[in-house]
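Here the structure is laid out as structure tokens; the discussion comes afterwards.
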Amino acid sequence: MGLKAMQKLLPVVLLLLAGCAASARQSSIGYPSALAALEDLKSKPGVELREEMGWTVATDRAAYTVWSFTPVGHPAHPAAVKRIVTEKDGAVWMDTKVLCQATRAACDQLVEDFKQLNERTRQSMQR
């Protein structure tokens, strides 16, 4: 490849690299890591933090959001699960976003566990 061709490709390559870096900083939960999310939530006014069976749970009532952070030793650790309570057609739903930094199998199991938890929660809210 000649110098002129490389010079023409350079802006495209830089644009692609910038896009990759931006997507690495953002995730489906709005934070680059589970730890970054937890640290930010600790300082956010109105967010209530508690421990449940080793998990750290943060509730942001103003945003209708419940966050769950895996404990050290959990197969999917470190991971953050962000659940936003929404209403659709008169039914309660949980819009769930997960940032899991463990193995694929452990992360898949975490997602499945929360799908089941969400369904049980939704059903109990419908009663």
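Points worth noting:
- Inter-centroid distance (Cα atoms) of segment 34-57 relative to segment 77-127, Å: 17 Å
- Inter-label distance for MET125 and LYS42, nm, one decimal - labels placed 7 Å from Cα along Cα-to-Cβ: 2.8 nm
- Across segment 36-44, coupling constants 3J(HN,Hα) worked out from phi with the 6.51/-1.76/1.60 Karplus curve, θ = phi - 60°, read 4, 5, 4, 4, 5, 5, 4, 9, 7 Hz, and Gly and Pro carry x.
Throughout, read-outs are computed from the coordinates displayed, never taken from laboratory work. Every value quoted in this text rests on a predicted model; they were computed, and no experiment measured them. We place every Cβ from the backbone using ideal geometry, glycine too, and count neighbours over all the protein chains shown.
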